[in-house]
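What follows is calculated from the coordinates using simple rules that are stated; it is not laboratory data. Bear in mind the structure is a predicted one, so any value in this text is a computation, not a measurement. Cβ placement follows ideal geometry from the backbone for every residue including glycine, while neighbour counts extend to all protein chains displayed.
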Amino acid sequence: MRVLGIIVEYNPFHNGHLYHLTLAKELVKPDYVVAVMSGNFCQRGEPAIIDKFARTEIALLNGVDLVLELPFVYAVQDAGGFARGAVWSLHNTNVVTDIVFGSESADLSFLQKIAEVMVKQPDPFPTLMREELKKGHSFPNARKYALMRYFDLTKEMDPKQVLRIEKSNDILGVEYIRSLMILGSQIKPHVIKRVGAEDRDERFQGKFSSATAIRKCISNGDWEKVAKALPVNSLRVVSRELNEGRGPVLLQHMETLILSKLRLMDRAQLQRLHGFDEGLDKRFIDCASKATSLEDFFACVKSRRFTLSKIRRLCLYALFDVTSDFVEKSNTFGPQYLRVLGFSAKGRELLSKMKRVSRVPIISLCSLYRKVLDQSMKKPERFQIHPELFEQQLLYDIRATSIYSLLFPKQSERIGDKDFKVPPIMIT
C-alpha cells in the first residue's frame with residue numbers, strides 16, 4: 001500500500017495547488033492521499049481567509065482522501081517548526097509512505113545536501129552561523145551566508161548554489177527533508193517543480209496566481225479574477241462562505257485584538273513567550289503604545305533583523321499566550337495526536353487502518369478527546385504521549401478556532417467552541 005502525504009495550507013485552494021496534487025498523484029500513484037493542513041491560522045502569522053472546515057471540504061472535493069489538522073503550535077512557527085510538526089504528523093500516521101512537495105529548484109539532491117549540513121552541523125558550520133547572527137542578519141539570511149561560507153571552505157559545492165534556497169518553497173523543502181532525517185523516518189521524499197507566481201507576489205498573474213494575490217482579489221471583491229485562479233469547486237465553497245458571513249477573514253480584522261492585548265502586557269509577561277528575545281519585548285511594548293494601527297505597529301517593529309512574518313507570528317504568540325516552555329516541549333516530543341478534519345469514502349478506509357497502527361491517538365470527535373486520552377494512557381506500549389502536553393496542544397487548537405470565529409463578518413456566526421460543534425467533514 002502506498003500512501004501519499006502532502007503538507008498544505010490551502011489558503012485558499014487554487015489552480016497551483018490542484019497542479020501540485022495532480023502531479024504528486026501521477027508521480028507516486030498512491031492508494032490514498034493524506035493532507036496535513038494548517039488550522040485557522042497560518043505560518044506567516046495570519047488568519048486563513050476561510051476557516052479550516054471549509055478548506056477541508058475543498059481539499060476533499062479535489063481529490064484528498066483524509067485531512068488532518070496541523071496543531072496550532074506548529075502551524076504558526078517559522079519554517080523549521082512548521083515543517084517539523086507537519087512531517088512528524090505524517091510520520092505518526094505510520095501509514096504514509098511518500099511525501100511530495102513543490103520547490104522552485106526542483107533539485108532533490110541539492111536540497112538533501114543542504115539539509116544534511118543543517119542536521120549534522122559539521123565544523124565549522126556552527127561557528128559560521130553564530131558569526132553571521134552577530135552581524136545582525138535575520139535567521140534565514142544568517143543561515144544562507146553561513147552555508148555559503150561553509151561550502152566555500154569545504155569545496156563540497158559551489159557556494160553560489162546556496163542562493164537557490166532563497167525562495168520560500170525551497171526553504172520549506174529543506175526543512176521537510178531535515179525533519180525526515182531527524183526522525184529517521186522511512187517516508188520517501190519527492191519534489192516537483194513549482195509553477196506560477198511566487199508565493200508573496202501580490203500581482204494577479206492569471207490562472208497560476210499566488211495565494212497572496214488571490215486573497216487580495218477576494219478581499220477587494222474582484223471575482224472575475226478569482227474565478228480564473230480557483231478550481232470551480234473551490235470557487236463555489238469560497239463564495240458560499242463569504243455569502244454566509246464566514247469570510248473573508250483578514251489580518252487587519254485582528255487589529256484591536258492584538259493591539260489591546262499588547263497594551264495590557266508588560267515586558268516580563270512578553271519575556272515568557274516564545275521568540276521574544278533580543279530586546280523584542282521592549283520594542284513591542286514601545287511600538288504598541290505609539291501605534292494606532294497594525295500597519296503602524298509593524299512598521300515600528302520591523303528591521304533588517306526581524307522580518308514581517310516573524311513579527312506577525314509574535315503577535316499571535318502574545319494574543320494566545322504561547323510560552324517558550326510549551327513550544328520547546330512540543331518541538332521535543334512532537335504532535336501528541338492526529339486530529340481528523342475530514343475524509344472521503346476512501347479516507348474512511350484509510351482511517352480504519354490508521355487507528356490500528358498510528359503512533360499517537362486519533363481524535364475524530366473533539367468532544368471525545370478526554371476519552372481518547374484516557375484510553376491511550378492504558379496503552380503505554382503503543383502510545384508514547386505526554387498527557388499534559390496532549391491537552392495543551394489541543395486546547396490551543398480549540399481556543400484558536402474560538403478566537404477566529406470572532407473575526408467573521410456575520411455576528412451570528414461568531415459563536416465559540418466550534419471544534420466541539422462541527423463533526424469531521426465527510427465527502428462521499
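Principal axis lengths of segment 120-166 from Cα atoms, whole Å, largest first?
Per principal axis, max minus min of the Cα coordinates gives 26, 23, 17 Å.
Applying 1/(1 + (r/R0)^6) with R0 = 25 Å to the Cβ-Cβ distance of ARG304 and ASP201, what FRET efficiency is obtained, to the nearest 0.05?
Working: r = 22 Å, r/R0 = 0.88.
Computed FRET efficiency for ARG304 and ASP201 comes out at 0.70.
Just subtract the alpha-carbon distance of LEU153 and ASP374 from 0.36 nm times their residue separation and send over the number in nm, one decimal.
Full-extension gain reported as 74.2 nm.
For segment 7-84 and segment 260-286, compute the distance between their C-alpha centroids and round to whole Å.
Here the two parts' Cα centres lie 31 Å apart.
In debye, nearest 20: dipole of segment 120-166 around its Cα centre with unit charges on the Cβ of K, R (+) and D, E (-)? The partial results should precede the final answer.
Working: 10 positive and 7 negative charges, 24 e Å.
Computed about the Cα centre, the dipole is about 120 debye.
Give me the dipole magnitude in Debye, nearest 20, for the chain about the Cα centre, with unit charges on the beta carbon: positive for Lys and Arg, negative for Asp and Glu.
Working: 64 positive and 50 negative charges, 66 e Å.
About 320 debye.
Could you give the size of the charge dipole of segment 258-324 about its Cα centre, using +1 on the Cβ of each K and R and -1 on the Cβ of each D and E, expressed in debye and rounded to the nearest 20?
160 debye
Just how far, in whole angstrom, is segment 296-347 from segment 94-122 if you go by their alpha carbon centroids?
Answer, in whole Å: 22.
Treat the count of other C-beta atoms within 10 Å as a stand-in for reagent exposure and order HIS190, HIS14, HIS91 from fewest to most.
The order, fewest Cβ neighbours first, is HIS190, HIS91, HIS14.
Counting only other residues whose beta carbon sits under 13 Å from that of GLN269, what net charge do I get with K and R as +1, D and E as -1?
+2
Past 30 Å, Cα to Cα: identify those pairs from LYS353/LYS421; LYS134/LYS216; LYS188/LYS228, in the order given.
Where the Cα-Cα span goes over 30 Å, the pairs concerned are LYS134/LYS216; LYS188/LYS228.
In what order do HIS253, HIS20 fall by count of nearby beta-carbon atoms within 10 Å, going from fewest to most? Working shown, then result.
Numbers: HIS253 16, HIS20 20.
Ascending number of Cβ neighbours within 10 Å: HIS253, HIS20.
In deg cm²/dmol and to the nearest 500, what is the mean residue ellipticity at 222 nm of the chain if only DSSP H runs of at least 4 residues count, each as -39500 (n - 2.57), divided by the residue total?
Calculated mean residue ellipticity at 222 nm is -16000 deg cm²/dmol.
Please list, in order along segment 18-25, the HN-Hα scalar couplings obtained from phi with the Karplus expression 6.51 cos²θ - 1.76 cosθ + 1.60 (θ = phi - 60°), rounded to whole Hz, x for Gly and Pro.
5, 4, 4, 5, 5, 5, 4, 5
At a Förster distance of 22 Å, what's the computed FRET efficiency of ASN233 paired with GLN411, Cβ-Cβ distance as r, to 0.05?
With R0 = 22 Å, the Cβ-Cβ based efficiency is 0.20.
Taking other Cβ within 10 Å of each residue's Cβ, how do THR56, THR22, THR93 sort, fewest first?
Details: THR56 28, THR22 13, THR93 24.
Final ranking by Cβ density, sparse to dense: THR22, THR93, THR56.
Which Cα, out of PHE306, LEU319, THR401, lies furthest along the positive dipole direction of segment 302-428 (beta carbon charges, K/R +1, D/E -1)?
PHE306
Cut-off under 18 Å on the C-alpha distance; same-chain residues fewer than 8 positions from LYS261 excluded. Which lysines are left, in chain and number order?
Filter leaves LYS282, LYS290, LYS310.
Straight-line reach only, C-alpha to C-alpha below 17 angstrom: list the aspartates and glutamates that LYS346 could link to, leaving out same-chain residues fewer than 8 apart.
ASP31, GLU57, ASP65
Strictly under 4.7 angstrom between C-beta atoms: which cysteines of the chain have no such partner?
CYS42, CYS217, CYS315, CYS366
Seen from all sides and averaged, what is the projected area of the convex hull of the Cα atoms in the chain, in nm²?
20.1 nm²
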